Each structure stands twice: as structure tokens, then as C-alpha cells.
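Worksheet for the structure shown next.
The values are calculated or read from the model by the stated rules, or taken from the named source; none is laboratory data. This is a predicted model, so every value here is computed, not measured. Reconstructed Cβ throughout: ideal geometry from the backbone, glycine too, with neighbour counts over all protein chains shown. SASA here: full protein model, heavy atoms, side chains in, ligands and nucleic acids out. Shrake-Rupley method; radii C 1.70, N 1.55, O 1.52, S 1.80 Å.
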Amino acid sequence: MNAFSFIQKLRNKLRITNGTTLILGNKINIVHCTITIKGKNNTLKIGNNTKLRNTNIEIIGNNNTIKIGENSLIGNFCYLSAKEENITLTIGNNTALSRNIKVMTSDGHPIYQNNKRINYAKDITINNNIWIADNVTILKGVEIGSNSVIGINSTVVKNITSGSVAVGNPCTVIKENIRWEY
Ligand SMILES: CC(C)(COP(=O)(O)OP(=O)(O)OC[C@H]1O[C@@H](n2cnc3c(N)ncnc32)[C@H](O)[C@@H]1OP(=O)(O)O)[C@@H](O)C(=O)NCCC(=O)NCCS
């Protein structure tokens with residue numbers, strides 16, 4: 001467990017249960033974030049050179065993980081959550097989430113059909129070198145392939161293939177074989 005530094009504790013609001021696994025890389029830059037981790041056996045991993053600005057991270061429940069890779073950027077007013085049990089939210093390397101992006105592995109309230117739960121939490125994977133434009137929401141179970149771009153105001157509910165531009169609600173691929181630059 002690499003603890004947050006004194007300066008990081010001053011610059012952010014951290015509420016982290018004892019026993020949480022923290023794996024913090026070198027030169028991470030975290031400012032004005034609220035990080036809440038409650039429950040047993042949870043993990044937060046942030047890779048080298050990654051920046052988080054004014055982001056709300058919630059890991060609540062047991063055996064849940066949020067992993068953010070190296071050289072990634074999480075912009076202002078983003079929300080990342082891993083809740084319920086055995087859930088992993090992964091964000092890869094060189095990936096940019098711009099502003100006001102919600103990545104939610106669970107819906108927040110259970111829904112039952114014929115007394116059977118129908119909306120369990122599911123993992124989300126946002127792979128390497130992805131650009132997510134402002135105001136995007138990414139819901140449970142989604143995987144976004146590497147090198148893709150998600151357009152402004154989109155709601156992503158199904159997997160998006162690598163190397164594509166995808167937009168809209170629900171978000172669908174509109175261009176393939178693309179590349180983008182930081
Ligand atoms: C993702 C994005 C860059 C794609 O741009 P693009 O490849 O030039 O796309 P185009 O303008 O050619 O649009 C292609 C089609 O998708 C539609 N479209 C584009 N963006 C859309 C969006 N966010 N939601 C819904 N439809 C969209 C267009 O209307 C067009 O439809 P048509 O073919 O029926 O005419 C752009 O949509 C976007 O999100 N820009 C904002 C980036 C941003 O938020 N920057 C903030 C700082 S990081």
C-alpha cells in the first residue's frame with residue numbers, strides 16, 4: 001500500500017477504509033478530488049504520470065477495483081464508481097476523459113422483474129489511447145476498444161470497437177479506421 005502523500009491529503013478529500021489496497025504510481029497529480037473507499041478488500045490503482053482534476057471516485061462494497069493506467073488524464077467534474085461486489089472499472093494508458101464524464105459500473109438502485117434482480121453491476125473497460133469528449137456517460141458492462149473517440153454528450157451502453165468514432169444516445173460507431181492525437 002503506497003499511502004497518499006501529505007500534500008495529496010491536503011489537496012483532496014480522502015475517505016478511505018483501513019485495509020484498502022492503494023497502488024499509486026510516480027508523478028501522479030491529483031487535485032481537488034473526492035475519493036471515497038468503503039468496504040473490504042477494495043483496490044485503487046493509479047499509474048505513473050496520470051492526472052486527475054476535481055474528480056469524484058467511489059469504491060463501495062467488497063472486492064471492487066478501480067485501475068487507471070499511465071499518462072492518462074481525468075478532467076474536471078468526472079465521476080468514476082465501482083460498487084456492489086467483485087467489480088472492476090479499468091481505464092487504460094494514454095486515455096483522456098475530458099469534462100463531466102460519468103463512468104458507472106452500477107445503476108445505484110436494484111431493479112427486480114418477477115422478484116428477480118435484473119440490473120447487477122458489471123465491469124467497465126476503457127482501453128488505451130481513447131479520447132472521451134465532454135458530458136459522456138458510460139454505463140455498466142461496456143468495453144471501449146483502443147484508439148477510439150467518443151463524441152460529446154454520448155451515452156455508451158454497448159461495446160465500441162477499436163479505432164472508431166462513436167456518438168449519440170445510444171452511442172454507435174459512425175467512423176472506422178481513425179486515429180486521433182493528444
Ligand atoms: C467526436 C467528434 C470529435 C467527431 O467529430 P467528426 O468526426 O468531425 O464528426 P462529424 O462532424 O463528421 O459528424 C458525423 C456525423 O455524426 C453526427 N455527430 C457528430 N457528433 C455527434 C454527437 N456528439 N452526438 C450525436 N451526433 C453527432 C453528425 O451530426 C454527423 O451526422 P450526419 O452524418 O448524419 O451528418 C465530435 O462529435 C465531438 O464530440 N466534438 C466535441 C469534442 C469535445 O468535447 N471537446 C472538448 C475538449 S476535449
Would you check if there is a residue in the stretch 98-105 being hydrophobic (A, V, I, L, M, F, W, C), closer than 14 Å to G47 by Cβ and within 16 Å of the ligand (Cβ to nearest atom)? no
Restricted to the stretch 103-129 and to residues being of a type outside the set (G, A, S) and at positive phi, the residue surrounded by the most Cβ atoms within 10 Å (Cβ to Cβ) is N129
Every residue in the stretch 140-182 that is polar (S, T, N, Q) and either open to solvent by less than 50 Å² (accessible area, probe 1.4 Å) or touching a residue at least 40 places away in the same chain (Cβ under 8 Å) (or both), please. S146, S148, S154, T155, S164
Conditions (1) assigned to a loop (DSSP other than H, G, I, E, B); (2) within 16 Å of the ligand (Cβ to nearest atom): number failed by H109: (2)
Given the condition within 24 Å of G145 (Cα to Cα) and modelled with pLDDT of 95 or more, answer yes or no: does some residue in the stretch 1-15 qualify? no
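A quick yes/no check of all residues on (1) in a loop (DSSP other than H, G, I, E, B); (2) at pLDDT 95 or above; (3) within 16 Å of the ligand (Cβ to nearest atom):
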position	(1), (2), (3)
T90	no, yes, no
T125	no, yes, no
N128	yes, yes, no
N177	yes, yes, yes
In the set N100, N71, N76, which member is over 16 Å from A133 (Cα atoms), in a loop (DSSP other than H, G, I, E, B) and open to solvent by 40 Å² or more (accessible area, probe 1.4 Å)? N71
Tally of residues being in a strand (DSSP E or B), farther than 18 Å from I144 by Cα and open to solvent by less than 10 Å² (accessible area, probe 1.4 Å) across the stretch 43-68: 5
Among what's in the stretch 140-155 and is more than 17 Å from S72 (Cβ to Cβ) and out of contact with any Ser or Thr (no Cβ under 7 Å at 6 or more places or on another chain), pick the residue that is farthest from the ligand (Cβ to nearest atom). G141
Within the stretch 130-139, residues open to solvent by 10 Å² or more (accessible area, probe 1.4 Å) and more than 12 Å from the ligand (Cβ to nearest atom) come out as T137, L139
